[in-house]
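Only the coordinates and a few stated rules stand behind these numbers; no lab work does. Just so we're clear, the structure is a prediction, and the values are computed from it rather than from any experiment. Positions of Cβ are backbone-derived with ideal geometry, glycine not excepted, and every protein chain shown enters the neighbour counts.
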Amino acid sequence: MRKKRKKWFEYMWILSALYMAMGFVNILSAWLGLVCFLVPLLIALVKGDKSYCGSYCGRGQLLELLGSKLRLSRRKDIPAFLRSKWFRYGFLAFFMFMFANMIFMTYLVFQGSSGFKEVVTLLWSIRLPWYWAYSAGIAEPWIVQFAFGFYSLMLTSTTLGFITMALYKPRSWCVYCPMGTMTQGICSIRN
């Protein structure tokens, strides 16, 4: 029997892993993560579906790979409260509040009211010094501040994905992923 040839988008997990690794080396690469924010929304607006989540999401593919093929998942059902509408939309609201806070901090640095901080915040509270990932003077301070803040969001969401992958099914993160919730909302409104 002949093996089915994989399609190009089945390797998006490599980009997701590469993105996370690049943030350890050069924080300015965090700006590339905006693609993961904009593309799902554009696909939902244009096509009216969540095909990004099912086919192109590198994080979902990475969690599937680690959880299923490497057997790092307990493969238990995700608790009902994590699947509930109130939790998903509540988590989206919280996540968007944290995103808005990151934008506000970037604005303060842009205005000169605050200096940028070479810190990545994990789970919105654990401050990790990240000074090796940026050499002073390469970019404007507000650009650097945005990169630190955005990478913090991406690292936090990836960490939450790993935790729920290990505790439950591999793609449990996808159930309450803020981007998935937003694209679902867009598709509901559009259709």
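Considering only segment 126-177, state which residues are of a type in the set (Val, Ile, Thr), over 15 Å from MET98 (Cβ atoms) and in contact (Cβ under 8 Å) with a residue 12 or more places away in the chain.
Within segment 126-177, ILE138, ILE143, VAL144, THR164, VAL175 meet the criteria.
For MET96, all conditions in the list (1) part of a helix (DSSP H, G or I); (2) without any contact (Cβ under 8 Å) to a residue 40 or more places away in the chain; (3) not aromatic (Phe, Trp, Tyr) hold save one; what is the number of the exception?
Single failed check for MET96: (2).
Would you pick out the residues in segment 165-175 that are surrounded by fewer than 23 Cβ atoms within 10 Å (Cβ to Cβ) and either over 11 Å from ILE78 (Cβ atoms) or not basic (Lys, Arg) (or both)?
Matches in segment 165-175: ALA166, LEU167, TYR168, CYS174, VAL175.
Restricting to segment 47-61, and then to whatever is surrounded by fewer than 18 Cβ atoms within 10 Å (Cβ to Cβ) and among the charged types (D, E, K, R), can you tell me which residue is nearest to the chain's Cα centre (by Cα)?
Filtering segment 47-61 for residues that are surrounded by fewer than 18 Cβ atoms within 10 Å (Cβ to Cβ) and among the charged types (D, E, K, R), the one nearest to the chain's Cα centre (by Cα) comes out as ASP49.
Test ALA147 against the stated conditions and say whether it is farther than 22 Å from THR181 by Cα, within 19 Å of the chain's Cα centre (by Cα), of a type in the set (A, V, I, L, M, F, W, C) and in a helix (DSSP H, G or I).
The answer is yes for ALA147.
Scan segment 166-191 residue by residue and report those that are outside any loop (DSSP other than H, G, I, E, B) and among the basic types (Lys, Arg).
ARG190
Taking segment 103-117 on its own, how many of its residues are surrounded by fewer than 16 Cβ atoms within 10 Å (Cβ to Cβ) and either among the aliphatic types (A, V, I, L, M) or in contact (Cβ under 8 Å) with a residue 40 or more places away in the chain (or both)?
Number of matching residues: 2.
Being of a type in the set (Lys, Arg), assigned to a helix (DSSP H, G or I) and under 26 Å from MET20 (Cα atoms) is the filter here, so list the residues in segment 40-89 that pass it.
Passing the criteria: ARG59, LYS69, ARG88.
Within segment 38-53, is even one residue of a type in the set (Val, Ile, Thr), in contact (Cβ under 8 Å) with a residue 40 or more places away in the chain and closer than 12 Å to THR183 by Cα?
Within segment 38-53 (the criterion being of a type in the set (Val, Ile, Thr), in contact (Cβ under 8 Å) with a residue 40 or more places away in the chain and closer than 12 Å to THR183 by Cα), the answer is yes, since at least one residue qualifies.
Which of the residues spanning segment 1-39 are closer than 26 Å to ALA136 by Cα and not in a helix (DSSP H, G or I)?
Within segment 1-39, just ASN26 meets the criteria.
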